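Have a look at the structure below before the remarks.
The values are calculated or read from the model by the stated rules, or taken from the named source; none is laboratory data. This is a predicted model, so every value here is computed, not measured. Backbone-built Cβ (ideal geometry, glycine too); neighbour counts: all protein chains shown.
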Ligand code: WT7
């Protein structure tokens, strides 16, 4: 068996789980033995959730890129590490072997050094889905710089906020990115962001779309020119920087219930060990398998299951530049057929949108290479689960439903493909080392089965969030203060009669729109910036394709003369402030909002109205102005 820590039977899972909970140090120490260390750890774990202060593999020294690249060279140097499928069917795909990826990473690591990047510096990556993105991430990791990837759908304002928060002095971007029929203007968005970020020293630009851009003297340089400067000197071997186990590896911004996104910090060793452990076990990965995760690398799913875990396992990762439905709804199946994909990992929203096209796009596509299917990002409805099972997996591919978060680094609850039982719409059982707890509003543990509550985790795992960048207190209050001595996920959860877990969705003010995480407060702040807006309240509502849609109630200073025009103006402002992903689906102008006497907005009522449950609004007697509810009900869109 290629991976000594791969679990291959249900009984073995049960034994392993028991061991992991009873002897966590011994268990994780054993898993960590399978990686390359410059120096092994003195102690496996020290933790205190109340601070929080969590350290794994204390005093261990390593570089994650030696685990992702160097250690595979001797045995598997010619094995494909990355397969890249471009946006356009006309363009040739690229296959990058471990040897080639190693060389590219080392070369670009030298480019970073030449441009003044040092260990601990923050480097912002704002790129499309091209192989140069993982190359840049790994090059940062190689020299100990901390990358912060920003999804290409975020606006200049959002980029600027993130650059300032991280004090990132270096940026890697492209002239543009291809996504479906559109060219996304990356560099010009960066230029807009940099107006308010004079501390940025260098911008490295990768040429992809040949979009006209402006290059600022002394600040902006071309990726290819910089590479040529390095390769002109012949042999390249950028020695990997020796990193402490707890040195930060990357920052990834994510939305919470407050208006400002927070920079989730992951560290080297724990992230490496846990992500790889979950990858090999959940997907039952076998060397040579082609793993296709359809996420964008701008989100945690791409970081973990396109880049780091797959490469650490010596696997082959397929990355796709474009959209699943472009140029037609058969594109995903073309890719599976063309590259003989063995593992397909995607989001329920993608499954639902492909499902809506019917079965015609599947005709003539050979999907027989598929062995395992996965979903992630939001609860999957049973209809989508069965469609995936019948029409894509042809009832012979186990489906894994992987529940996790940006903050958890990798999957915490999931079945192991073909090894532990699956149940439609259930993430099922915790991975070894993961101790889920359901609690009630008062923080009291809910024991037994067939119960629901808020999902917490009572013991650390190696890739747990360490801090929120620049503001540790925020990390504490967000995740570790709601319930004493536990990590709070923000999700609601049901545990069935057999102890299987089903995630029911967020219990805080965080929305999940097409698998994108968006805080309602962020959208409200953006709407409130629009001229004439007095106040707004944003809630989610069930949406057939997106999972959740965004419903905004907006109070204007004066009745808009042209409501349609004002609505589209507000959408423009939201696009400008956050990005197109945060655009409300519905905007209702209202005269007031349902508030308690203390001024708190009763979101429960607004959610019910948005959901269309207008006859069952519960107790409204504590409202300051109960009459407002009828008015809002009547104006419902
Ligand atoms: C939130 C985290 C994990 C990578 C992608 C999203 C929801 C995630 C599932 C699932 C039900 C899920 C949760 C979670 N979620 N996976 N399998 N079943 N819900 O990462 O942006 O940090 O969002 O996504 O609500 O809290 P994220």
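Observations, loosely collected:
- Here residue 508 clears all of (1) modelled with pLDDT of 95 or more; (2) not in a strand (DSSP E or B) except the condition numbered (1).
- Helices (runs of 4 or more DSSP H) lying entirely in the range 135-236 (those with 2 or more residues that are closer than 28 Å to residue 88 by Cα and in contact (Cβ under 8 Å) with a residue 40 or more places away in the chain): 186-194, 223-231
- Among (1) modelled with pLDDT of 95 or more; (2) surrounded by fewer than 23 Cβ atoms within 10 Å (Cβ to Cβ) - the single one residue 153 does not satisfy: (1)
- Enumeration of residues in the range 325-352 that are surrounded by fewer than 20 Cβ atoms within 10 Å (Cβ to Cβ) and either in contact with a helix residue (DSSP H, G or I) (Cβ under 6 Å, 6 or more places away or on another chain) or closer than 18 Å to residue 545 by Cβ (or both): 325, 326, 328, 329, 330
Residue-by-condition table, conditions (1) surrounded by fewer than 19 Cβ atoms within 10 Å (Cβ to Cβ); (2) farther than 23 Å from residue 514 by Cα; (3) in contact with a strand residue (DSSP E or B) (Cβ under 8 Å, 6 or more places away or on another chain):
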{"residue": "579", "(1), (2), (3)": "no, no, no"}
{"residue": "585", "(1), (2), (3)": "yes, no, yes"}
{"residue": "599", "(1), (2), (3)": "yes, yes, no"}
{"residue": "607", "(1), (2), (3)": "yes, no, yes"}
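- Checking each residue in the range 551-561 for being closer than 21 Å to residue 526 by Cβ and either free of Cβ contacts under 8 Å to residues at least 12 places away in the same chain or crowded, with 19+ Cβ neighbours inside 10 Å (or both) picks out 551, 552, 553, 554, 556.
- Residue in the range 377-394 that is nearest to residue 507 (Cα to Cα), counting only those that are at pLDDT 95 or above and in contact with a helix residue (DSSP H, G or I) (Cβ under 6 Å, 6 or more places away or on another chain): 384
- Scan the range 47-68 for residues that are within 21 Å of residue 310 (Cα to Cα) and out of contact with any strand residue (DSSP E or B) (no Cβ under 8 Å at 6 or more places or on another chain) and the total you get is 4.
- For the range 378-403, a residue qualifies if it is under 22 Å from residue 464 (Cβ atoms) and free of Cβ contacts under 8 Å to residues at least 40 places away in the same chain, and exactly one does: 401.
- Subset tally (residues that are touching a strand residue (DSSP E or B) at 6+ places or on another chain (Cβ under 8 Å) and either surrounded by fewer than 24 Cβ atoms within 10 Å (Cβ to Cβ) or farther than 19 Å from residue 135 by Cβ (or both)) for the range 280-291: 7
Matching residues to (1) modelled with pLDDT of 95 or more; (2) crowded, with 17+ Cβ neighbours inside 10 Å; (3) over 24 Å from residue 599 (Cβ atoms); (4) within 11 Å of the ligand (Cβ to nearest atom):
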| position | (1), (2), (3), (4) |
| --- | --- |
| 477 | yes, no, no, no |
| 501 | yes, yes, yes, yes |
| 515 | no, yes, yes, yes |
| 549 | yes, yes, yes, no |
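- Residue match in the range 260-269 (condition: out of contact with any strand residue (DSSP E or B) (no Cβ under 8 Å at 6 or more places or on another chain) and either in a loop (DSSP other than H, G, I, E, B) or not assigned by TED's automatic domain parsing to the domain that holds residue 331 (or both)): yes
- Boolean, residue 361 is within 14 Å of the ligand (Cβ to nearest atom) and surrounded by fewer than 21 Cβ atoms within 10 Å (Cβ to Cβ): no
- For the range 265-292, the set of residues classified as within 25 Å of residue 82 (Cβ to Cβ), touching a residue at least 60 places away in the same chain (Cβ under 8 Å) and within 17 Å of the chain's Cα centre (by Cα) consists of 266, 267, 271, 272, 274, 275, 276, 278, 279, listed by residue number.
- Search result, residues across the range 104-131 that are buried (at least 22 other Cβ atoms within 10 Å of the Cβ) and either under 20 Å from the mean Cα position of the chain (by Cα) or not in a helix (DSSP H, G or I) (or both): 117, 122, 123, 124, 125, 126, 127, 128, 129
- The one condition from (1) outside any loop (DSSP other than H, G, I, E, B); (2) closer than 28 Å to residue 434 by Cβ that residue 297 does not meet is (1).
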